[in-house]
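A.B. asks: I have a structure I would like to understand better, so I am pasting it below and will then ask my questions one at a time.
The values are calculated or read from the model by the stated rules, or taken from the named source; none is laboratory data. Nothing here was measured: the structure is a model prediction, and the numbers come from that model. With ideal geometry, Cβ positions are generated from the backbone for all residues, glycine too; neighbour counts draw on all protein chains shown.
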Ligand code: HEM
């Protein structure tokens with residue numbers, strides 16, 4: 001069954017008419033649109049849109065559902081259900097513990113802080129090189145000239161693939177997350193798999209020092225990864241690691257362009273960047289995933305049925321005043337920003353150290369060259385919801401040197 005019937009016993013105040021990917025006003029402000037939905041409704045609500053599902057609207061619930069794999073499965077994490085079913089069988093994203101652990105331990109080891117620290121000089125060099133390329137112009141469209149390039153080139157370096165392949169791989173990952181008229185999700189996945197299979201096979205035969213080799217080139221806890229497993233895992237890391245940082249950088253820079261105090265503090269003291277990044281991730285959560293209810297249960301005042309899907313918009317956790325005082329305010333000095341921007345529990349993002357580092361280095365290298373700047377296309381700036389929210393075009397302007 002694709003469309004889930006509205007529960008017969010649904011209390012009227014639990015029903016909302018909300019398309020989670022296109023809430024009213026989202027194009028002008030993704031996060032504000034979610035905040036309005038949160039403020040106006042009970043903690044968990046039902047919508048008939050996107051084939052019918054629940055939406056958790058409070059931080060406590062989002063965190064609990066994402067972390068509780070005993071009651072909420074990751075077998076389907078994408079809404080609507082029909083798209084989620086197409087996306088099942090992904091390693092490690094749609095596997096539940098305990099099977100999930102073996103893959104995840106290897107990913108954790110290979111994306112650990114140690115590897116991120118080793119990459120940092122290269123991230124910094126590339127950030128500087130990109131900004132130097134347009135600083136004299138006094139203006140740039142940030143998404144195309146910077147954020148769509150840096151995380152992808154760094155990721156290709158991590159897995160040792162040719163930098164020239166970046167545009168095609170970016171295109172294919174876009175088609176896998178936002179399939180369009182040019183290509184279906186399955187076609188994009190097949191082309192990506194055809195590209196990756198010989199790479200993975202070569203690394204199994206003659207491992208190098210890159211991340212794929214480290215995972216497939218040696219047995220782990222008594223067993224080796226098969227080529228098929230390695231292929232699916234690599235593909236998943238590629239898709240998860242590409243668009244997320246690209247999109248988040250847009251929100252971070254939009255904020256910085258509008259917050260003169262933060263710009264001044266960070267420009268004067270670049271060591272504050274990691275704190276600023278922690279707070280920006282709290283304020284600008286951007287990923288929306290779901291969980292599949294395993295069994296009938298009473299849950300925070302509602303009756304969940306086995307097979308129901310619950311959307312967990314990570315954005316609503318950081319913006320919940322029950323979790324963070326004055327949540328719309330970005331405050332570098334906030335003692336403990338609470339959020340779920342990187343998920344919770346077993347599936348919590350293994351790439352978060354890399355993501356944090358890329359954003360912190362971007363703030364530092366940008367402000368070192370461009371301490372003051374503003375948004376030039378504020379009137380037409382368009383934000384879009386999705387599994388991964390983003391800004392279409394962000395034109396930034398500064399006094400040319
Ligand atoms: C702004 C940056 C990022 C954000 C906001 C983000 C967010 C998330 C979230 C919310 C999840 C949990 C999904 C779930 O519970 O179902 C996740 C998982 C994951 N992320 Fe990230 N991510 C980011 C960057 C990255 C990067 C840079 C990589 C890889 C280099 C990466 C690789 C992954 C993988 C492989 C998973 C699946 C983990 C599992 O299922 O155990 N992410 N991410």
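A.B. asks: State all residues of segment 209-222 that are free of Cβ contacts under 8 Å to residues at least 60 places away in the same chain and in contact with a helix residue (DSSP H, G or I) (Cβ under 9 Å, 6 or more places away or on another chain); if no residue qualifies, say none. Spell out how you get there, then give the answer.
C.D. replies: Initial filter on segment 209-222 (free of Cβ contacts under 8 Å to residues at least 60 places away in the same chain): 209-210, 212-213, 216-219, 222.
Passing the criteria: 210, 212, 213, 216, 217.
A.B. asks: In segment 76-85, which residues are over 16 Å from the mean Cα position of the chain (by Cα) and surrounded by 15 or more Cβ atoms within 10 Å (Cβ to Cβ)?
C.D. replies: First, the residues of segment 76-85 that are over 16 Å from the mean Cα position of the chain (by Cα): 76, 80-85.
Result: 76, 80, 81, 83, 84.
A.B. asks: Another question about this same structure. Just a yes or no: is a residue in segment 274-288 out of contact with any strand residue (DSSP E or B) (no Cβ under 6 Å at 6 or more places or on another chain), within 30 Å of residue 197 (Cα to Cα) and either in contact (Cβ under 8 Å) with a residue 24 or more places away in the chain or not in a helix (DSSP H, G or I) (or both)?
C.D. replies: No, there is no match, as no residue in segment 274-288 is out of contact with any strand residue (DSSP E or B) (no Cβ under 6 Å at 6 or more places or on another chain), within 30 Å of residue 197 (Cα to Cα) and either in contact (Cβ under 8 Å) with a residue 24 or more places away in the chain or not in a helix (DSSP H, G or I) (or both).
A.B. asks: Sticking with this structure for a sec: If a residue must be within 20 Å of residue 375 (Cα to Cα) and either at pLDDT below 95 or buried (at least 20 other Cβ atoms within 10 Å of the Cβ) (or both), how many such residues does segment 264-276 contain?
C.D. replies: Final tally of qualifying residues: 2.
A.B. asks: In segment 200-222, is there at least one residue being on the phi > 0 side of the Ramachandran plot, out of contact with any strand residue (DSSP E or B) (no Cβ under 7 Å at 6 or more places or on another chain) and more than 16 Å from the ligand (Cβ to nearest atom)?
C.D. replies: yes
A.B. asks: Might you check whether a residue that is in contact with a strand residue (DSSP E or B) (Cβ under 9 Å, 6 or more places away or on another chain) and buried (at least 22 other Cβ atoms within 10 Å of the Cβ) occurs anywhere in segment 231-245? Quick ask: steps written out before the conclusion?
C.D. replies: First, the residues of segment 231-245 that are in contact with a strand residue (DSSP E or B) (Cβ under 9 Å, 6 or more places away or on another chain): 243-244.
Remaining after also requiring buried (at least 22 other Cβ atoms within 10 Å of the Cβ): 243-244.
The answer is yes, given that some residue of segment 231-245 is in contact with a strand residue (DSSP E or B) (Cβ under 9 Å, 6 or more places away or on another chain) and buried (at least 22 other Cβ atoms within 10 Å of the Cβ).
A.B. asks: Would you point out the residue of segment 246-255, among those that are more than 10 Å from the ligand (Cβ to nearest atom) and in contact with a strand residue (DSSP E or B) (Cβ under 8 Å, 6 or more places away or on another chain), that is nearest to residue 194 (Cα to Cα)?
C.D. replies: 250
A.B. asks: So residue 75 ticks every box in (1) within 22 Å of residue 16 (Cα to Cα); (2) touching a strand residue (DSSP E or B) at 6+ places or on another chain (Cβ under 8 Å) but one. Which box is left unticked?
C.D. replies: (1)
A.B. asks: Hey, can you tell me all the residues within segment 351-360 that are over 11 Å from the mean Cα position of the chain (by Cα) and crowded, with 20+ Cβ neighbours inside 10 Å?
C.D. replies: Residues satisfying the conditions are 354, 356, 357, 358, 359, 360.
A.B. asks: Would you mind telling me which numbered condition in (1) away from the ligand (no atom under 16 Å from the Cβ); (2) under 30 Å from residue 69 (Cα atoms); (3) touching a residue at least 40 places away in the same chain (Cβ under 8 Å) residue 115 fails?
C.D. replies: If we test residue 115 against (1) away from the ligand (no atom under 16 Å from the Cβ); (2) under 30 Å from residue 69 (Cα atoms); (3) touching a residue at least 40 places away in the same chain (Cβ under 8 Å), just (1) comes out false.
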